[in-house]
Amino acid sequence: MKLAGKRILLTGASGGIGEALAQVLAEQGAILLLHGRRSSALERLRKGLPNPDHHQLLVADLMTATGRAQLLQHPILDEPIDVLINNAGCNEFAWLEDQSSEQVERQLRLNLEAPVQLCRALLPRLNHPGLIMNVGSCFGAIGYPGYSVYCASKFALRGFSESLGRELKDTGVKVIHFAPRATRTRLNSTAAYAMNAELGTKTDTPEVVAEAALQALMREGRNYWLGWPEALFVRLNGLLPALVDRALAKQHAVIARHARQRQPLNTEPKKHQDQGETR
Ligand SMILES: NC(=O)c1ccc[n+]([C@@H]2O[C@H](COP(=O)([O-])OP(=O)(O)OC[C@H]3O[C@@H](n4cnc5c(N)ncnc54)[C@H](OP(=O)(O)O)[C@@H]3O)[C@@H](O)[C@H]2O)c1
């Protein structure tokens, strides 16, 4: 799709990938509805974009039905949109038994329930041709220790995207599942970065991911996996999971050491040591 003049709702625009994506979309001449929870961060972003007056802000917590209703009932969304990008997300890098029920719920609600509900509610307001991009993860096809709940949410998002894309066949609305690998943003905890460094896991910048997302939107394919060897592992895991079992078994002790340096259950939600902020 050519994006100049298109109205695009981008959730999670105040985050690392969202912010970089807003930049490249605005450079294409898109009209952005920038969503996040932090209005000051969104306003700063808007002011720094090309044509700042073309873009509008939507502040809402997507975890709750009330927050989603606040977004959906906003007058900005009375006019149809051309593209919906479900990008807002969160993760917890921790063994399942070390996670609180709230941490589990947060990941399932924000990464899965929110995009499903936004697609459902916004489909009637999408122009035809229209695009939906659901931002998944390579962990939406590789079950990785320490990310069981995040993987559950992203596997499900992938299935949802595939199913919805087939449901909408011939309607003029296409569904793109876009799956980055590890990316340097505030999403990942200090422990996750330390593990990635020890294992030599490659990490992309948000700018690289945003450029790939832009290409995906312009090409309108249905599945995009970023990075090598992650894209290979995705295919291998589908065909020969025992091979991936063996590769991950070699990393298990390192993963466990980093994943399990968490506070015990039933304490406050994690503090990002680098931001001093609860997310
Ligand atoms: N970073 C990675 O390694 C990586 C890898 C693969 C896939 N992804 C996916 O890429 C997407 C963007 O991630 P990111 O790395 O850019 O994360 P990020 O920097 O942590 O940004 C997350 C975004 O989601 C928003 N958000 C968080 N909780 C929310 C809530 N309850 N309601 C509404 N919005 C909420 C944040 O808004 P506020 O900041 O305003 O609260 C922020 O805009 C996610 O879907 C993630 O799963 C990331």
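The values are calculated or read from the model by the stated rules, or taken from the named source; none is laboratory data. Everything quoted here is computed from the prediction, not taken from an experiment. Every residue, glycine among them, receives a Cβ derived from its backbone with ideal geometry; neighbour counts consider all protein chains shown. Each accessible area value is taken on the protein alone, full model and side chains, heavy atoms only, with ligands, DNA and RNA left out. Shrake-Rupley method; radii C 1.70, N 1.55, O 1.52, S 1.80 Å.
Brief remarks on what is shown
- Matching helices (runs of 4 or more DSSP H) fully within the stretch 187-265 where at least 1 residues are open to solvent by 70 Å² or more (accessible area, probe 1.4 Å), closer than 26 Å to residue 24 by Cβ and without any contact (Cβ under 8 Å) to a residue 40 or more places away in the chain: 206-219
- Among (1) of a type in the set (Phe, Trp, Tyr); (2) within 10 Å of the ligand (Cβ to nearest atom); (3) surrounded by fewer than 23 Cβ atoms within 10 Å (Cβ to Cβ) - the single one residue 150 does not satisfy: (3)
- Residue selected from the stretch 40-64 under the condition under 25 Å from residue 2 (Cα atoms) and of a type in the set (S, T, N, Q), by the criterion surrounded by the fewest Cβ atoms within 10 Å (Cβ to Cβ): 51
- Output for the stretch 73-88, where each listed residue is surrounded by 13 or more Cβ atoms within 10 Å (Cβ to Cβ) and either at pLDDT below 95 or over 25 Å from residue 215 (Cβ atoms) (or both): 74, 76, 77
- If the condition is being away from the ligand (no atom under 13 Å from the Cβ), assigned to a helix (DSSP H, G or I) and open to solvent by less than 40 Å² (accessible area, probe 1.4 Å), then the stretch 92-103 contributes only 98.
- Residues that are away from the ligand (no atom under 16 Å from the Cβ) and either open to solvent by 40 Å² or more (accessible area, probe 1.4 Å) or among the β-branched types (Val, Ile, Thr) (or both) within the stretch 160-171 comprise 162, 163, 166, 167, 169, 170, 171, listed in sequence order.
- For the stretch 104-128, the candidate set comprises residues that are under 30 Å from residue 253 (Cβ atoms) and within 14 Å of the ligand (Cβ to nearest atom); within that set, the residue that is farthest from the chain's Cα centre (by Cα) is 105.
- Of the residues making up the stretch 113-131, not a single one is surrounded by 18 or more Cβ atoms within 10 Å (Cβ to Cβ) and under 20 Å from residue 229 (Cα atoms).
- Residue 102 falls short on exactly one of the conditions (1) in contact with a Pro (Cβ under 7 Å, 6 or more places away or on another chain); (2) free of Cβ contacts under 8 Å to residues at least 40 places away in the same chain, and that condition is (2).
- Residue in the stretch 20-39 that is least open to solvent (accessible area, probe 1.4 Å), counting only those that are within 9 Å of the ligand (Cβ to nearest atom) and out of contact with any Leu (no Cβ under 8 Å at 6 or more places or on another chain): 20
- In the stretch 172-186, residue least open to solvent (accessible area, probe 1.4 Å) [restricted to those that are β-branched (Val, Ile, Thr) and near the ligand (Cβ under 8 Å from one of its atoms)]: 183
- Cβ-Cβ distances below 7 Å connect the following pairs, each with a first residue in the stretch 36-61 that is touching a residue at least 40 places away in the same chain (Cβ under 8 Å), a second residue that is away from the ligand (no atom under 15 Å from the Cβ) and not small (Gly, Ala, Ser), and a separation of six or more residues or different chains: 58/76.
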